[in-house]
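The values are calculated or read from the model by the stated rules, or taken from the named source; none is laboratory data. Nothing here was measured: the structure is a model prediction, and the numbers come from that model. Glycine gets a Cβ as well: all are built from the backbone with ideal geometry, and neighbour counts include every protein chain shown. For the accessible areas, the whole protein counts, side chains as well, though only heavy atoms, and no ligand, DNA or RNA atoms are used. Shrake-Rupley method; radii C 1.70, N 1.55, O 1.52, S 1.80 Å.
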Amino acid sequence: SSAESHHSRAMTRIGQVFQVGGLKSLQAILLLCQYRTGSSIQDTSASMWHLVGIAVRISYELGLHHESAYSIKNGDSDTSSAFREQEIRRRCFWSVLAMDRVVSFTLGRPLAINTDDINIELPSTELDHIVSSGLCDRNHSFNRTAIFVHIVRYRLLCGKIMRSLHGLKQPQHNERDIYLLRDSLASQLDDWFRETSTLELLDAGSNSPLPQHRFSFRSQEWYEIIYNNAILMLFRPSPMLSDISKEPATLQKIFSSSKQAVLGYASLHRLRKINYSWITLHSVFMAGLAYIYAVSCHFRERRRQSPTGAMLATNPTTIEIV
């Protein structure tokens, strides 16, 4: 309840903040987006779409999408306030891009930032101490930037998946090439997930009292969930590959990943590491639909006299499905 009252008070001053312009306005918008992403009190999806659009325009006006906007290099003056400000600008841009991916995927709308239009490097994980100083306890035992970069790379990969498989199919699209592309994206996703082991994460059942240990981003289970979400984006029916009813391996991937995603969300919610915001509910709903799709394909095929389509390795029980 206190968060809601603080938000209401902040909104009475938001016009003044926007009039300042520049990086301050961009940071204010990002804070609003962050709050409304996790808010389960009301549906904020419509305002999020507009806020992210404003953030993208401010980023472009400031030139944050070009590496030339970051003139101070690592070895020049890495302790100066100007260098720290520059690194914050870099992180703000990548925060905007990540938020654009989250909101666009959830609402089913086009991406506002095309990766072909940007040429900016990801933040350096070696500079974490410079940007994080003053934002958190200096004695924290994990690299915030490494976690941030890993999540941004995931958002970029999901953008590739959506553009490659979930856009409109054109006559020139070759099905064989699309299958090869899907396999390549699946391999990149597996590489990303393996690299999750390099982060300093906590076990799923950790009940550490330290505030920094309560972040979902520090939970191994959260990365397993978003990995499974991406698997579903890759292998569920899409405009490019709508008929997958004869692919047993694909159907099994949909079944297993959807099951793990739903159970993972339930576990993190029980541990109070996530709440059911509209974005989280969308992910759970999509995983649930995918699960129903896989189970129904399996049992329809099983009832046929001479099965020709895909089936699961084993029959899920009624209790398991419920």
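Here are a few things to note about the model shown:
- Taking the protein heavy atoms of the chain in the context of the full set of protein chains, the accessible area attributed to carbon and sulfur is 54 percent at 1.4 Å.
- Taken over the Cα atoms of the range 53-123, the convex hull encloses 83 Å³ per residue.
- Nearest 10 degrees, 0 to 90: helix 248-270 Cα axis against the chain principal axis: 50 degrees
- Among the listed pairs LYS169/LYS259; LYS73/LYS169; LYS160/LYS273; LYS246/LYS273, those with a Cα-Cα distance over 32 Å are LYS73/LYS169; LYS246/LYS273.
- Dipole in debye (nearest 20) - the range 202-322, about Cα centre, beta carbon charges: Lys, Arg +1; Asp, Glu -1: 180 debye
- Using equal-weight Cα scatterers in the Debye expression, the normalised intensity of the range 149-281 in log10 at q = 0.16, 0.20 Å⁻¹ is -0.87, -1.22.
- Look at the alpha carbon pairs under 8 Å that are at least 6 residues apart: their mean separation over the length of the chain gives a relative contact order of 15 percent.
- Between 0 and 90°, nearest 10: helix 22-38 axis offset from the chain longest Cα axis: 40 degrees
- Based on DSSP H segments of at least four residues, each scored -39500 (n - 2.57), the chain has a per-residue ellipticity at 222 nm of -20000 deg cm²/dmol.
- Crossing angle, helix 81-107 versus the chain [Cα axis fit, 0-90 degrees, rounded to tens]: 30 degrees
- Listed residue (SER2, VAL295, GLY108) projecting farthest to the positive dipole end of the chain, Cβ model: VAL295
- Summed over all non-identical Cα pairs, the Kirkwood treatment of the chain gives a radius of 21.8 Å.
- In Å², nearest 10: area of ARG84 left accessible to a 1.4 Å probe: 70 Å²
- Once the Cβ-Cβ distance of ASP116 and GLN305 is raised to the sixth power relative to R0 = 41 Å, the FRET efficiency obtained is 0.20.
- Calculated accessible area for the chain comes out at 54 Å² per residue, all protein chains present (probe 1.4 Å; ligands, DNA, RNA ignored).
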